[in-house]
Amino acid sequence: MKALLAVGEISKTFGANEQPAVDEVSFDCQKGEVLAIVGGSGSGKTTLLRLIAGLEIPELGEIKLGEVKTNGPGTFLPPEKRDCALVFQDYALFPNMTVEQNVFFGKTAKQRPEQVRKLLQLTKISDLAKRFPHQISGGEQQRVALVRALATQPSLLLLDEPLSHLDPELRDNVRAQLLNLFKETRTTALFVSHDTEDAMAMADRVIVMRQGQAIQVGTPAEVYSKPLDRYTALLFGKTNFVPLDLIPNAPHHFHDERSNKEVVSIRPHDWQVIEKDSDSSNSTISGKVSSVRYKGTHLELKIESESMCILANVETSRTVKEGDGVTLFPSFD
Amino acid sequence: MKSLLAIFFFLSAGLCVNAAEINVYSHRHYDSDAVLFKKFSQQTGVQVNVIKGSADQLIQRLISEGKNSPADILLTVDAGRLHRAKEAGILQPVESETLSQNVPESMRDPEGSWYGMTVRARVIVYAKGRVNPEELSSYEDLASSKWRARLAVRSSSNIYNQSLLASIIAANGPAKALSWAKAVRKNMVRAPRGSDRDQARAVASGLADVAVINTYYLGILANSTSAADREVARKVGVFFPNQNGRGAHVNVSGGGVTRSSKNKKDAIRFLEFLTSSESQQTFSAVNYEYPVKIENNRSDLLKSWGSFKADKVNLSILGSRNPEAVKTFDRAGWE
Amino acid sequence: MTEPGGSKTQNGTGLTLILTSPKRNLSNFGRGFLFKLNGWTLAALVIGLLIFIPMASVLWHLTSPSENWRHLEETVLTSYLKDSLILVLGTVFLSVVAGVSCAWLVSCCEFPGRKIFEWILVLPLAVPTFIAAYAYFDLLAIIEEKMIPLVIWTRTNSVEDLDTVIFLLDSLKYPVTMLVMASVLYPYVYLLARASFSRQGSQLIEAARTLGHSPRSIFFRVALPLARPAIVAGASLVVMETLNDYGAVKHFGISTFTNGIFRTWFALNDLSGALRLAALLMLFILSLLVVERLLRSGAKFEEKGNFARPFQRYRLGPTGATLAIACCLVPLTCGFLIPLGRLSLWASDSYRKILDSSFVELVANSLSLAVASSLLIVLTATFLAFAGRYFKSPGVHITNRLAILGYSVPGAVVAMAIMLVAGPLNLTLGILLTGSLLTLLFAYLIRFLAVAWQPVDSGMEKNCDLLNEASQSLKASPLVSLLKINLPLIRPSLWAAGLLVFVDTMKELPLTLILRPFNFETLSTRTYDLTNQAQIPESSVPAMCIILVVVFPVVWLNRKMEAPK
């Protein structure tokens, strides 16, 4: 199947002697797919999104959107002519227009008022049509921004940190709503997030960015359990980097630049923790518990072994104390 | 720091009045005056401080300063203003043998509150070639429809025009003066604007055929450094109106000693000096004004315009009729 | 222009702030008024009222009997109104068109020379209107000369059409004056519109682009409506400057209100009539400010101070770029290049005649006067703003608003106000107030306090309000708070305020003309004197000095506005 969006070795540098903000990034996006770009601040993820939207002009590389080549040597399609819409992080609602005027602002939105009204209903903001942006809540503003973008029926929807302004308790709800909406409107979406939870919950595939480079592309599960480097592994939460020689049978490992060793990423909940005496198999590590923290759903143990300090989670029912000797081995499912 | 010192120096300048100096509020901003003031200082050792401004503002200021005013002398370019200053009580009558000799009676206040210094005639200038001087006769004639769209005169805010109209009111009565002003305004080729010099330029350029201006402006034009100005002076002719009647309208530029003067003696000496025949020559040579005794004129340029009969109306009438003249202009729509 | 680093709506020289936020200030009026009386607030109240009294004495004459009032009403009042309105509307229209289009081009488009235009377009601000009028003194005459054949033809061939031709000739003065005034006043609109465009800049315009809108449609549907408050603020500055002008309108023969005030005062010798006209003019401007204020509060949207992202400007093709350059060049040429060019041409002929030791004194006078008044005004503004903010005294808030009214009235009216108050004082106190530099400085204080007050006050609001509360709770004395916290934090605002006042006093004419002391001439009074004697070439030397001295602070202020933080 032909990709809807094809990005080929795109690069963008701000300022003469700066590091590239986006450095030879390539990826594809299929029709109907939801793609997340994740990375720390300054990793170039927002710039990548803006390059696709046409708001920045790349020095090198090609972008193809559907059948149209939007960027390439000597080619630049201005944003107003691209078949994609962007939902801004701060929503960028026009403060001088009502909600209704905002959502009908898009060039092609006026041609299908019925669909736009439906979108308003779907997002439950029909009642707000006559209000101004400063008269509605943050969550409502976000939905207005979303509807405004969708109203143009873009083949690709770009979202910049769509959930960053929302309260944690709202987020889960909104994630589900967004996914529903994408499904119902059959939208292909590409969103940027610094929060890997968003990415894991919503995306079909994840692109991990670091210092302008796309260092890993894969399904959330892949990226989570089989990171290609220390940065990616840490981006998705707490983990332990265990030298490969300690766990030779590990199904996935990578070369860690910091220790210059092959290492295995083992999440704290992937350990099996056993009392000291039951020392048996060869792929085990032993150590002494240096701290126990109650985390509600589990206990987080800090275990000092000969060469390193390991985090491991155990059920709260266990009676582990500081100073206990324990043996660990990873469970690979 | 230096500038601060300078500020304090100037702050105090308004407060102390030195005996060896006189302070002059002057509307006159001519080179001739600077030359003469300097000469006076050299001859007498009395320093002359000048503040220039429009006569109206200076009078207003003298009124508000009252007896504390530092001014010793007020110089203006119009008898009407001198009269108004006298009415406002800011001038004091002075008597001086020399002044009485230097200034003819019609050119000074009967009580000696002010003395004329120079005389300017308000005349008609015409485009040589396009206008036959035979066609011209009087100010009143400018209201005739034959001058339709051929006339240029400056704004009625100008005191020379106000005094001219005051003299017409005095001669013909208010009603005739109003219809005259209306007709003249209608004959103007453009709305009044600019100085007398601009009116002369309009005649030279062909926009207008006749204009009403003060004579010394022609002198300035004829002696200008700019070739275009000299060309203007060549192209226009001077006509003294009302020679068969009351005579051409004249006005004086003059001055008086202020009531607040702390140095009356030097102030009178100053006026005497300005009306001396030596100074009078300077005025007519440098500024092309007529001497206060018109017949004593010795400047070649002024002679070339010929001798004329001047309106003998008492100049203080121009002052007392001035507000009436201004209102008449307003009613006539003469801006 | 305003203090650097402002993200708050930057509304020029502050006049628009004159009637701000009365609600908060009045909320605890009465109770707070008395309780907050202390040495500081008392001093601030007294100073504020002292500055306001002369203006109040003018307003008080709104109904005073005048012997000539009927006459004025019957004859000239309508023409003063008509001329003022025509001139103001035309000048504002031209200024807005030039200012807004240039601001849009330099902030949202990319074309060769854009960076240079960005700052060079503010330069006409250094040219006072009366000097611009002299630079164009013969423009009207030249146009008239072109019409001479028509006049002559009509005179001989078609007498019945003479009225039309004369009307046409008469009306020429309006467009010419508008053009001359707008060409040096448009930077007010340009500066504020540019700040607004670059603030709204990135996000909203980008959003509109991704929604498929062309630059044209974005300009009219997004950028322009959003910039409206800024444009209105700039336009109101243009209105005030236009009504303030005396030299240019007199030169081109337009009888505006300011002209009428002088005529009534001097020609009719009717001070109370003139004062009544002045009060009427003041009332008119004040109501304009109120309307502007209401319009602004109607448009509730706050512009966000979001400079974070460099904006991807529209890249113009060869045709577009040529047009853009032409569009920027027109106002720049009319407002700066031609005046400066003509002045320097004349100056090259006459500088030998004019430049002597007295000229050095002239420059020193102008500079020291401008520096001294800047210091005085910035100090007063800082004290008043601090006293109002630190003690949250409603009384001081009110007197502060009253004290800055002077900027909205023409300099000539301020001078009249001073005369009105100083006259009786002269007589009763036996001290000579008029004609001393002290009075002149006080007059400047009345006229230009708002210029310094606005950046200082908003600088304090942004940087110091919270910290003042903190220092109050730490039991620090007000003096310590002022010296150790407020002054260091608002230093950029203080600089901006000082420079703005400096620029304005250097350019000032009517006030200085009426109130200056003996033998005291500044560059602008000298220029006026010389031009009054039609010594245009000679006047070009002091005129050029003013422009050259003022250009530097103008450019500096522009850069401060461009690169906030």
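Only the coordinates and a few stated rules stand behind these numbers; no lab work does. This structure is a prediction, so every number in the text was calculated from the model and none was measured. Cβ coordinates were reconstructed from backbone atoms using ideal geometry, including for glycine residues, and neighbour counts include every protein chain displayed.
For the ranges C:84-94, B:106-116, what's the packing order if you count other beta-carbon atoms within 10 Å of each residue, average per peptide, and put the highest first?
B:106-116, C:84-94
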Is the shape of the range B:237-335 rounded, prolate or oblate, going by the alpha carbon gyration tensor and its root eigenvalues a ≥ b ≥ c, with a/c under 1.5 for rounded and a/b larger than b/c for prolate?
oblate
How much of the DSSP beta bridge set in chain A is antiparallel, as a percent to the nearest 5?
75 percent
Where the centroid of each part is defined by its Cα atoms, how far is the range A:1-73 from the range B:163-231 in Å?
77 Å
With a ≥ b ≥ c from the Cα gyration tensor eigenvalues, square-rooted, and the rule rounded for a/c under 1.5, otherwise prolate when a/b > b/c and oblate otherwise, the range A:20-75 is oblate
Charge tally for neighbours of C:MET178 with beta carbon under 12 Å away, counting Lys, Arg as +1 and Asp, Glu as -1, is -1
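Nearest 5 percent is fine: what portion of the DSSP beta bridges confined to the protein assembly as shown is antiparallel?
That works out to approximately 70 percent antiparallel.
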Just want to confirm a number: the relative contact order over chain C, from Cα pairs under 8 angstrom separated by 6+ residues, in percent.
29 percent
Once you sort the root eigenvalues of the Cα gyration tensor of chain C as a ≥ b ≥ c, which label holds: rounded (a/c under 1.5), prolate (a/b larger than b/c) or oblate (the other case)?
oblate
Looking only at other chains, what is the average number of their beta-carbon atoms within 10 angstrom of each beta-carbon in C:208-221?
6
Computed over the protein assembly as shown, Cα set: Rg, Dmax in Å:
40.1, 143
Alpha-carbon centroids, the range A:256-327 and the range C:491-534: separation in whole Å
81 Å
Fewest to most neighbouring Cβ within 10 Å: what's the order for C:SER524, C:SER158, A:SER286, C:SER198?
C:SER158, A:SER286, C:SER198, C:SER524
Placing unit charges on C-beta atoms (Lys and Arg positive, Asp and Glu negative, everything else neutral), compute the dipole magnitude of the protein assembly as shown about its Cα centre in debye, rounded to 20.
2360 debye
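I'd like to compare B:163-171, C:56-64: which one has the highest average count of other Cβ atoms within 10 Å, and what's the full order after that?
Answer by packing, highest mean first, reads B:163-171, C:56-64.
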Go ahead and estimate [θ] at 222 nm for chain B from helices alone: -39,500 (n - 2.57) per DSSP H run with n ≥ 4, summed, over the residue count, rounded to 500.
-13500 deg cm²/dmol
Cut-off 14 Å between beta-carbons: net charge of the residues surrounding B:GLU111, Lys and Arg +1, Asp and Glu -1:
-1
Take peptide C:364-376, look around each residue's Cβ out to 10 angstrom, count Cβ atoms belonging to other protein chains, and average those counts.
3
For chain A, set up a Gaussian network in which alpha carbons nearer than 10 Å are linked by springs, and say which option among A:ASN249, A:ASN240, A:ASN102 fluctuates the most.
A:ASN249
In whole Å, what is the distance between the alpha-carbon centres of the range C:70-140 and the range B:129-149?
41 Å
Output field shielding_mean for A:54-61 (other chain Cβ, 10 Å radius) holds 2
Got a sec? Charge dipole of the protein assembly as shown, +1 on Cβ for Lys and Arg, -1 for Asp and Glu; which of C:PHE137, C:PHE220, C:ALA347 is way out at the positive end?
C:PHE137
Using helices alone, I'd like the mean residue ellipticity at 222 nm for chain C: each DSSP H run of four-plus residues gives -39500 (n - 2.57), total over residue count, nearest 500.
-23500 deg cm²/dmol
Highest average packing first - C:372-381, A:164-173, Cβ atoms within 10 Å
C:372-381, A:164-173
Just to check I understand the Karplus step: with θ = phi - 60° and J = 6.51 cos²θ - 1.76 cosθ + 1.60, what whole-Hz values come out for the range B:74-82, glycine and proline as x?
10, 10, 10, 10, 7, 5, x, 5, 4
Vicinal HN-Hα couplings computed from phi for the range C:46-56 (Karplus, 6.51 cos²θ - 1.76 cosθ + 1.60; Hz; Gly/Pro x):
5, 4, x, 5, 4, 6, 7, 3, x, 5, 4
